[in-house]
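Bear in mind that the values in this text are calculations on the coordinates, not laboratory data. A quick note: this is a predicted structure, and the numbers were derived from the prediction, not measured. Cβ: placed from backbone, ideal geometry, glycine included. Neighbour counts: every protein chain shown.
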């Protein structure tokens, strides 16, 4: 009787330490990319088919232009372009009142004051402009539009790279919103646009938490009838 002897198993070849580190680094990068893109994808789906142009957006009583950086009494280029979209909507008869929402912190940094003057200087009647000076973030702008100003339906205006997040946050706040974006990927605005687009991945994670958790705005009230009075004027 013969007994077959088992061949000894050979040890599995091990990758060099540098190769193992590279592989782990690659796997970590893939996981981080997936983790970052998942909230962005969810926000796009959650926002739905609400991105429009000035020509095809449904008419609404109120358009909300979200604040951005200002330099003294001058809006940044990206903010000016947002305001120009709001002006186009008003002149096209697509909206009756423009709500400017941002940080109205005072003379040193007064987004809403600068926005209001920019609109008025270009022919928008003062009585058709309402300022929310406590829109410190996109979420807070949306929540305050609903709770403080009683808005159920509006058009939100911002840069295109930010628009779907803004739409999702408005929906999360209980507002039926459409969005018109400024296409700022042009020469002279390329840097700010690329920077803004890049930070959207991280902002999407925060926005997802806000939609789910619904945090209270830093300034919650009191309830204002400014929108109603502007519409009646």
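Fewest-first ordering of 140, 216 by other beta carbons within 10 Å of each residue's beta carbon gives 216, 140. Convex hull volume of the C-alpha atoms in region 45-232, normalised per residue: 113 Å³. Once the C-beta distance of residue 41 and residue 127 is scaled by a Förster radius of 45 Å, the resulting FRET efficiency is 0.60 to the nearest 0.05. Give me the extension gain from residue 225 to residue 152: residue separation times 0.36 nm, minus the current Cα-Cα distance, reported in nm with one decimal. In short, 24.9 nm is gained.
Could you give the nm distance between label points at residue 54 and residue 216, where each point is 7 Å from its Cα heading toward the beta carbon? Each label point lies 7 Å from its Cα, and together they span 4.1 nm. Sorting 148, 212, 219 from the fewest to the most surrounding beta carbons within 10 angstrom yields 212, 219, 148.
Exposure proxy ranking for 180, 70, 54, based on other Cβ atoms within 10 angstrom of each Cβ and starting from the fewest, stands as 54, 70, 180.
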